[in-house]
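The structure appears right after this line, and notes come after that.
Please treat every number below as a calculation from the coordinates, not as lab data. Just so you know, these numbers come straight off a predicted model, no measurement behind them. Every residue, glycine among them, receives a Cβ derived from its backbone with ideal geometry; neighbour counts consider all protein chains shown.
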Amino acid sequence: MGAPPSRVDGTRDVLIAAGDGAVLLDVAGPLQVFALAARCGGDYRVRLASPGGRPVHTREGIRLGVDTALDAVTDPVHILMVAGCDTAPTGSALVPLAQAVRRVRERCTVLASVCVGAFVLAEAGLLDGRRATTHWASCRELADRYPRVTVESDGMYVRDGDVYTAAGVTAGIDLALALVERDHGGALARQVGQWLVVFLQRPANQSQLSVRGRARSSRHPALRAALDAVAEQPHADHSLEAMAARAAVSPRHLSRLFIEVLRTTPGQYVQRIRVEAAQQLLEAGDDPVEVVAKQCGFRSPETMRQAFHRVLGMAPTAYRHQFQEGANHA
């Protein structure tokens with residue numbers, strides 16, 4: 001689909017679309033980013049829209065007036081971002097917003113969603129054949145209800161062409177900052193982040209939920225023993241054989257448990273734990289990367305660098321620099 005023409009006056013229209021039950025931060029977070037970007041020199045005009053132009057009753061009980069009805073939008077739209085709501089919408093609750101979004105899609109350059117706003121895009125058929133994400137608690141439901149969508153549950157936001165989908169709540173701020181950077185460069189995005197006291201703009205592929213947090217719900221005794229050992233001593237020997245011995249099960253059985261319960265392999269789990277441990281050390285101190293790598297169980301600094309690129313999309317030194325830069329400007 002070709003990009004629609006720019007507005008005659010040179011501004012880029014940003015529409016935040018919401019329906020009843022919208023999560024207030026899903027609306028307010030991205031709206032604040034784009035509005036502040038406009039005050040700092042960006043060329044955005046930001047408006048809140050709803051089906052029929054009706055006021056939006058948020059999940060938190062706050063009633064929001066809107067600027068326009070989605071059905072009445074006829075000018076080119078630069079970004080259309082659909083806010084999420086408390087739970088994944090179903091049935092008739094999806095239809096008015098999905099229909100309105102599908103109509104506006106024909107005249108917008110970038111289509112985006114926050115949290116379970118992805119269900120609206122999917123219902124409208126706008127995610128068919130695309131990769132997408134949503135809040136980690138709703139990823140499986142999105143995949144089950146819309147099998148033509150490739151759901152990626154392990155990222156802050158996912159870009160597929162000109163369609164962006166963000167994970168839960170605060171990830172909408174990360175996505176909005178990324179879109180500001182896409183339009184105006186990193187300097188303006190950083191300026192907006194500093195004014196909002198956003199500590200660190202997280203990479204798109206950073207996990208929504210720490211691997212330790214996702215593992216806490218496991219109640220299988222053998223798996224629990226393996227997970228606890230890795231979390232307590234990331235630097236120790238966590239080969240499959242060593243982990244299986246601690247858990248008193250066969251390596252094959254332990255591998256199967258990891259796949260069934262955590263949807264990852266033992267090796268991938270250990271790598272993520274070690275990366276998280278290294279992140280904490282890089283944030284908290286100034287030890288050389290070589291020391292951090294050894295403390296966290298990596299065979300070498302190069303091994304840690306490769307793991308950081310796989311998990312976070314950046315090198316350990318870049319991560320430390322980005323974190324410290326955010327801290328200095330907070």
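Remarks
- Computed from Cα atoms, the angle from the helix 186-195 axis to the main principal axis of the chain rounds to 90 degrees.
- Placing unit charges on the Cβ atoms of the charged side chains and taking the dipole of the chain about its Cα centre, the candidate lying farthest along the positive direction among 173, 46, 146 is 146.
- Volume per residue that the Cα convex hull of the chain spans, once the total is divided by residue count, Å³: 142 Å³
- For the pair residue 75 and residue 225 in one chain, pulling the backbone fully straight at 0.36 nm per residue adds 48.1 nm over the alpha carbon distance.
- Dipole magnitude of the chain about its Cα centre (Cβ charges: Lys, Arg +1; Asp, Glu -1), debye to nearest 20: 540 debye
- Value at 222 nm in deg cm²/dmol, rounded to 500, when DSSP H runs of n ≥ 4 in the chain each add -39,500 (n - 2.57): -13500 deg cm²/dmol
- Against the chain, whose longest principal axis comes from its Cα atoms, helix 221-232 is set at around 90 degrees.
- Rounded to the nearest 10 degrees, the angle from helix 301-312 to the longest Cα principal axis of the chain is 30 degrees.
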